[in-house]
Every structure is written in structure tokens, then in C-alpha cells.
Amino acid sequence: MGHLKDRPHRRRWGTAVLAAGLVGGTAWQAAAAQPMVGLPDFTPIIQHYGAAVVNISSTSTKTVHGAMPTNPVPPNSPFYPFFRRFFSGPSTAPSQKEKVESLGSGFIISHSGYIVTAAHVVRGASHIVVGLSNHHVYKAKIVGLSVRYDTALLKIKGHDLPTVPLGNSSQLQVGQWLLAVGAPFGFYNTVTQGVVSAINRPLSDDEYIPFIQSDVPINPGNSGGPLFNMEGQVVGINDQIYTSNGGYMGLSFSIPINTAMRAVHAFEHHKAIRFGWLGVDVQGVSSEMARAMRLKEPVGALIASLAHDGPAAKAGLKPGDVIMTYDDKPVYSVGQLPPLVGNTSPGKRVPVGIMRNGHPLTIDVRVGTLPKNLRHPGSHNITLSRMHMEVGPLTHEALSDMDIHHGVVVLTVEPGPAESAGIAPGMVIQELNGVAITSPSQIAHLVTNLPAHTPIPVLVRRGKESAYVVVTLP
């Protein structure tokens, strides 16, 4: 046993000799190698501009309505309907008002006291207090606030205040170092670092912001604080995180400073922010949809419907067109289009590259102004046996209510191709395989002659929204 125990030591010693020989034989190579990137030193940024980062405390009031007691009987009980009337309906408990305090961050952009932060930090606040790193405290007022850009401009009464320089967020590249300063969980003047993970990242709740995605640790209290590049310039406003537990999980999103300053400049001149508008409802393109639309790849933004008098409709765009480029910029996914359009100055003529029936086409569109109150854009019933559903005509009142000009209403759906595609009773079929639907008899004729085992695009409408689905008929 003693002999066996010694073997590993002899093996390690022999390997060490071999490794020493290899290292010694290539020492000149190791000496010549240089690091591709240097480790960043963030101290100069904090020393020069840390004092211009502020803490923001806001107080707002919300109304809390009295809650009704819940039904103690489970829904599957035969007594549930009897007790439900005692535990439903309007609450008789009085409403109460509660004060809500929130913390955030911001940064000073002028010596006279203008401060930029995220709009959600101060929206609805009745009292805003700004604290500087030197422990001076000021009352602040809101100069302007944009919900779509989630950007706010504040003003405090000060002079000779420290400021931050602003950079150009359009020059950011994936992999660049970034530095965030803020007050996560109330820990003031906290510094965190990371790199750019992605640029122009769309998020569904903020469709007009092309977010900077990074792995910079950001937590509640960081919102509104600056995101610095290595030149010490602010390139973004820390805005939100992707999380399942309320804390940082490696995905942070910041508003590009170019986007935020578009709002700030409007606030400074007391002007309304004007967003570009095409007047289209768009959806993503799946692999199955790409085959149905005769596309080589599932990319672009598929036009589901158009505003009747909108810029796109006036220029000649149609439902079923797939937007591939906008103003000579590629549109790979549906989420990329709204920021591009929204940041376009109304009145500008923009080339829009589309695919129509499998053929490329470029149409110039004069971009309009986003409306303040934007709304998303005779025969007997017939059974469509191939689709396993029944359709009926629409009255003029129904067409007017849904803001459409043609279509048939889905009355019943049985298990089959239509149900598999997501078509349900109450929906309106506006278009089938590129043909506008005007009556039940017309769609019945079309369905009879459609090819089997071939993806067919169907434009359906539910309420005020339209979308394409794909049906494959037996």
C-alpha cells in the first residue's frame, strides 16, 4: 500500500518537470505577448463627476380602496353560486389615502440646477427633495416629464453646481465598459460597473425607447442615475432591470442619452414632444408565417392593419406588406420599428423597404405626428367545413364600432384548422390569403379553392386590434 501511495507524487513531479521545460522553452513568447485590453480604472470618473450625481426622494399620495372579503367556498362547490352574491359587488369599506415615498437618482446638467432623471421616479409626486454628495438638500420642481421616453427634467435653486458631460449614445458598441452611480436600496453614491451587452434593445412596455442593455448591477434606487462611458461622459439613464425577485439578475436596461435629451430639449423650450407616426399595426414574423408570405427568413415587421387616413395608407402600404427597412436601417424584428418611427421628425419623407407577395419594393412615406388619443387601428350564415367554423355577416353598426370597412364575424369554431390557428368566436376575418373578405359567401368560395397542406395567412380582428394568423387546410 505504501508503494501505491507514492505513485501519484512521482507522476506530479514528472509533470512538473515537463511543464517547466515547456515554459522555459517558450519564455520568449510569453514575454512578447501583450494584453489585448487593459483593466479599467474608474477612480478619475468618480473624482471628477461623482459630485454631480444626486439622490432623489419623492412623496406621492395614492388611494387605497377597501377590500371585499373573499368567498370561502371553492368554485367547484355546488354552494359557490349561493355564497357568491354575499362576497361580490362594490366594497362598502371606506377608501383611505396613503403616502408613498420612493428613492431614485439623477444627475446635474447645468450649473444653475437642472437635473435629469427617470420619469417614473417623480411621476405623480407632490414633494421632491434632491440631496447632493456634500449633504446639501434642495426642494425640486418638475420642469417637464415624458412617459413615453420615461425622462424628467427637474430644477433646484442653486448656482455653481457640479455637472456631468454628455456623450453620444449612438457611438456605443457591445463590449465597452460602463459605470453606473446611484443609490440602490438607499445606499447613496454607490458605484457599479459592467459592459454593454446589447444596443437598440426593444422592450414591450416602452416601445419608443431603444434601450442599452448591460450587465451593470442596477437595483431599486438606481433609477434615474447616470451611466458613464470610459471618457466620463453620460451615455444613458439607468431605468429598469429584468428580475423575478425584485433584485438584480444580470440584465439592466438604460435609456440612451440621445433619446432622453430629445425630451429634455423640448422641456427647456417649453415645447411638446412630437413623435413620428406611420399609422400601422405591426406584428412579428414567425417561421410558418414567413413561408406563407413567401419570405426567405422570418424577419421584418408584418403590417396587420393601417389607419384609414394614416401616412402609410396614403403612401400605398397595404396589410400583408412586411417592412424590412426603415430610413435605410434594417428592421429584423417588430420591436425595432416603433423607436425608429417615433424618433423621426414629423413631416420627414422616409424610404420604407417592404416585401409584397414575395417581391421587394421601396415606398417613400411622409411621416406624420403621433395623435394624442391614438386608437389602434349582406347574406346568410355559412359553415366553412374545411375550417370547421361558421361565419356570418357584419352589420354597418358593427363595422363602424370596430373601425373597419369589411369582414365576416366568426360565430362558432370546432376543433380543426381554425381553432389550431387561434381563431375564436367573436373574431372578425378581414382577409384570407391576401383577399379582402366582404361576405360569408365570398369566403366560402375562397376556402373551397384553397390548396391543401399549405400555410395560408388570415387577417383577423378582435376589438380594435388586427393580427395575422396562419391556417393550414386539410
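With open to solvent by 50 Å² or more (accessible area, probe 1.4 Å) and within 18 Å of the chain's Cα centre (by Cα) as the only criterion, which of GLN233, GLN240 stands out?
Only one candidate qualifies: GLN240.
When region 261-295 is examined, which residues are found to be assigned to a helix (DSSP H, G or I) and not aliphatic (A, V, I, L, M)?
Within region 261-295, ARG262, HIS265, PHE267, GLU268, SER287, GLU288, ARG291 meet the criteria.
With a cut-off of at least 3 residues that are over 30 Å from THR61 (Cβ atoms), β-branched (Val, Ile, Thr) and modelled with pLDDT of 95 or more, name the strands (runs of 3 or more DSSP E) lying wholly within region 104-213.
Once the strands (runs of 3 or more DSSP E) in region 104-213 are filtered for at least 3 residues that are over 30 Å from THR61 (Cβ atoms), β-branched (Val, Ile, Thr) and modelled with pLDDT of 95 or more, what remains is 190-203.
So, HIS136, is that one open to solvent by 60 Å² or more (accessible area, probe 1.4 Å), in contact with a His (Cβ under 9 Å, 6 or more places away or on another chain) and within 27 Å of PHE267 (Cα to Cα) or not?
no
Tell me whether region 321-337 contains one or more residues that are within 22 Å of ALA421 (Cα to Cα) and open to solvent by less than 20 Å² (accessible area, probe 1.4 Å).
Yes; the residues of region 321-337 include at least one that is within 22 Å of ALA421 (Cα to Cα) and open to solvent by less than 20 Å² (accessible area, probe 1.4 Å).
Do you know which residues across region 139-169 are within 25 Å of GLY232 (Cβ to Cβ) and among the β-branched types (Val, Ile, Thr)?
THR151, ILE156, THR163, VAL164
Here are some conditions: (1) open to solvent by 10 Å² or more (accessible area, probe 1.4 Å); (2) part of a helix (DSSP H, G or I). PRO220 meets all but one. Which one does it not meet?
Result: PRO220 passes all but (2).
I'd like the full set of residues that are at pLDDT below 85, under 22 Å from ASP281 (Cβ atoms) and not aliphatic (A, V, I, L, M), limited to region 435-461.
Residue satisfying the conditions is THR438 alone.
Given the criteria surrounded by 18 or more Cβ atoms within 10 Å (Cβ to Cβ) and either of a type in the set (Gly, Ala, Ser) or outside any strand (DSSP E or B) (or both), does LEU302 qualify?
No: the conditions fail for LEU302.
Hey, GLY347 hits all of (1) buried (at least 16 other Cβ atoms within 10 Å of the Cβ); (2) on the phi > 0 side of the Ramachandran plot but one; which does it fall short on?
With respect to (1) buried (at least 16 other Cβ atoms within 10 Å of the Cβ); (2) on the phi > 0 side of the Ramachandran plot, GLY347 is out only on (1).
Look at region 449-466 and say how many of its residues are in contact with a Leu (Cβ under 9 Å, 6 or more places away or on another chain), open to solvent by 20 Å² or more (accessible area, probe 1.4 Å) and not hydrophobic (A, V, I, L, M, F, W, C).
Result for region 449-466: 3.
For ILE363, state whether it is closer than 21 Å to TYR468 by Cβ, under 24 Å from the mean Cα position of the chain (by Cα) and not in a loop (DSSP other than H, G, I, E, B). Give the derivation first.
On the way: closer than 21 Å to TYR468 by Cβ: yes; under 24 Å from the mean Cα position of the chain (by Cα): no; not in a loop (DSSP other than H, G, I, E, B): yes.
Considered against the rule, which asks whether it is closer than 21 Å to TYR468 by Cβ, under 24 Å from the mean Cα position of the chain (by Cα) and not in a loop (DSSP other than H, G, I, E, B), ILE363 comes out as no.
The values are calculated or read from the model by the stated rules, or taken from the named source; none is laboratory data. Worth saying up front: this structure is predicted, and the values here are computed from it rather than measured. Cβ sites come from the backbone with ideal geometry, for glycine too, and all protein chains shown count toward neighbours. Accessible surface areas use protein heavy atoms only, side chains included; no ligands, DNA or RNA. Shrake-Rupley method; radii C 1.70, N 1.55, O 1.52, S 1.80 Å.
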